[in-house]
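Since the structure comes first, as structure tokens, the remarks are kept for the end.
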Amino acid sequence: MECLKKPIWNNYTKQEIEDLVIEKPDEKIRYQVLQNWDHIAKPLDGLGEFEKIIAQIGAMTGSDQIELSKKAVIMMCADNGVVAEGISQSGQEVTTGVAEKMGTKESSVCKMAKVIGADTIPVDIGINNEEEIPGLLPRKIRLGTRNFAKEPAMTEEEMVRAICTGIDIVYDCKKAGYHILATGEMGIGNTTTSSAVAAALFQCEVEEVTGRGAGLDDKRLLHKKEVIRNAIEKYDLKHADPFRILQTVGGLDIAGLTGVCIGGALFHIPIVLDGVISMAAALLAERIKPGTKGYMIASHKGKEPAIKKFTDELELTPVIDAKLALGEGTGAVMMLSLLETALSIYSDRIAFSDIRTEQYERF
């Protein structure tokens with residue numbers, strides 16, 4: 001692919017991103033994997049959605065011999081200037097604090113990833129801290145975004161660099177032999193940015209896609225909705241393209257994850273989405289490069305109201321329904337473990353003949 005012939009970091013332009021070619025997943029492979037499932041000694045469709053997802057992974061990677069052992073979660077860490085509007089319980093110092101724990105492999109997602117043998121790749125794409133945080137991949141675009149209540153969050157150049165950062169990291173993971181990647185993030189205020197992105201993309205009322213985030217009371221939730229509503233009206237975002245929506249009210253973490261989703265489609269690596277921030281990035285990626293959603297896997301339904309709209313639009317089915325709201329990529333890591341569990345039955349197939357039983361037939 002042409003996109004593999006030169007470094008992406010700091011080189012690609014908005015136009016070059018638009019010109020990238022996304023190949024469709026291999027439908028013949030998907031069908032073959034589904035046939036393989038039917039020949040395993042178990043009830044037809046006994047693993048429900050997992051059989052479809054494993055078949056989709058085969059289509060993504062182009063092989064019915066599926067391998068998921070080398071896996072990682074990419075956590076984009078960035079601050080959001082809109083925090084100055086009082087839309088969050090906590091300040092930006094919390095982003096640095098959690099990111100430091102990610103760097104030492106002590107945060108929630110890192111502990112969970114260790115249990116299932118997944119690597120963690122925390123990325124400083126825009127933390128509002130001039131000091132380099134040990135253990136984080138240094139890819140800082142700027143010291144947090146601007147306050148979108150006052151001005152657009154990013155310049156076009158900053159947005160494009162952030163997207164390309166995500167693509168570049170997936171490219172490196174492909175070269176390193178990773179089979180599957182999960183998305184994660186850390187950034188105080190990013191349920192506000194993702195809700196703003198959702199309201200603009202869906203051209204819907206802010207109330208339909210805005211939740212309490214880390215736990216706002218009623219008064220602050222109303223204020224959060226007002227800040228988002230005012231910004232959408234100020235910049236006329238319900239009539240904007242996905243690039244301008246992202247640049248105006250998005251975050252560097254969302255932009256980086258948008259690049260991760262595009263990179264998954266470019267390099268045929270399945271991307272497991274976490275919660276609402278990852279979902280916002282996923283739909284931006286699909287709107288920017290149609291066909292990208294064919295390389296995405298939803299993990300959980302979460303608590304934020306926008307998630308159902310995102311999964312419906314992306315035609316994805318999240319299988320975990322546990323009201324998760326921790327973030328960081330924790331729900332996506334849980335999904336990685338479930339996928340490997342399901343894959344164990346597929347990889348070590350026991351045929352009906354092995355148990356001296358006739359194969360079930362579809363009617």
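Extension gain residue 93-residue 341, at 0.36 nm per residue separation less the Cα-Cα distance, in nm?
85.5 nm
Normalised by the number of residues in the chain, what is the relative contact order in percent for Cα pairs under 8 Å and 6+ residues apart?
With pairs under 8 Å counted, the relative contact order is 22 percent.
Which value in nm describes the separation of the simple spin-label points at residue 233 and residue 348, placed 7 Å from the Cα toward the beta carbon?
Here the modelled spin labels are 6.1 nm apart.
Among 69, 299, what is the fewest-to-most ranking by other Cβ atoms within 10 Å?
The fewest-first ordering by Cβ neighbours comes to 69, 299.
Rounded, prolate or oblate: which one fits region 17-158, using the alpha carbon gyration tensor with axes a ≥ b ≥ c (rounded when a/c is under 1.5, else prolate when a/b beats b/c, else oblate)?
prolate
Karplus couplings for region 246-261 from phi (6.51 cos²θ - 1.76 cosθ + 1.60, θ = phi - 60°), rounded to Hz, Gly and Pro as x?
4, 4, 7, 10, x, x, 5, 5, 5, 4, x, 5, 4, x, 4, 5
Would you work out if region 217-288 is rounded, prolate or oblate? Take a ≥ b ≥ c from the square roots of the eigenvalues of the alpha-carbon gyration tensor; rounded if a/c is under 1.5, else prolate when a/b is larger than b/c, oblate otherwise.
Because a/c hits 1.5 or more and a/b fails to exceed b/c, region 217-288 counts as oblate.
Starting from the amide H of residue 298, placed 1.01 Å from N in the peptide plane, find each other amide H under 5 Å away whose residue is 5 or more places distant or on another chain.
It is 273, 317, by chain and number.
Out of these labelled values of volume of the Cα convex hull per residue in Å³, (i) 144; (ii) 131; (iii) 162, which was calculated from the coordinates shown here?
Comparing each candidate, only (ii) matches the computed number.
What length, rounded to one decimal in nm, is gained on full extension from residue 19 through to residue 42, with 0.36 nm per residue of separation minus their alpha-carbon distance?
Contour length minus Cα-Cα distance gives 3.8 nm.
Return the long-range amide H neighbours of residue 186 (sequence gap of 5 or more, or a different chain), with a cut-off of under 5 Å between placed amide H atoms.
76, 77, 78
By counting other Cβ atoms within 10 Å of each Cβ, how are 279, 60, 76 ranked from fewest to most?
60, 279, 76
Output wanted: per-residue J couplings in Hz (rounded whole) for region 321-336, from phi through Karplus 6.51 cos²θ - 1.76 cosθ + 1.60, θ = phi - 60°, x for Gly and Pro.
10, 9, 6, 5, 8, 6, x, 6, x, 5, x, 5, 5, 4, 5, 4
Using a/c under 1.5 as the rounded threshold, could you call region 281-351 rounded, prolate or oblate? The axes a ≥ b ≥ c are square roots of the C-alpha gyration tensor eigenvalues, and prolate needs a/b larger than b/c, oblate otherwise.
It comes out oblate by the Cα gyration axes.
Treating the beta-carbon of each Lys and Arg as +1 and of each Asp and Glu as -1, no other charges, what is the dipole magnitude of the chain about its Cα centre, to the nearest 20 debye?
Its charge dipole is roughly 160 debye.
May I ask what percent, to the nearest 5, of DSSP beta bridges between residues of the chain are antiparallel?
The antiparallel proportion sits near 5 percent.
Which links in 14/71; 105/140; 24/174; 225/309 stretch past 24 Å when you go from one Cα to the other?
Distance filter (> 24 Å) returns 14/71.
Give the residues of region 208-248 whose amide nitrogen is closer than 14 Å to a point set 7 Å from the Cα of residue 308 in the direction of its Cβ.
208-211
For a footprinting-style exposure proxy, rank 19, 274, 321 by other Cβ within 10 Å, fewest first.
If I rank by nearby Cβ atoms, fewest first, I get 321, 19, 274.
Just name one of 221, 292, 148: the one whose Cα is farthest towards the positive end of the charge dipole of region 71-341 (beta-carbon charges, Lys/Arg +1, Asp/Glu -1).
Of the candidates, 292 comes out farthest on the positive side.
Counting each DSSP H run of 4 or more residues in the chain as -39500 (n - 2.57), what helix-only mean residue ellipticity at 222 nm follows after dividing by all residues, to the nearest 500 deg cm²/dmol?
Taken over the chain, the calculation gives -14500 deg cm²/dmol.
Just so you know, all these numbers are worked out from the coordinates, no wet-lab data involved. Computed from a predicted structure; not experimentally measured. Positions of Cβ are backbone-derived with ideal geometry, glycine not excepted, and every protein chain shown enters the neighbour counts.
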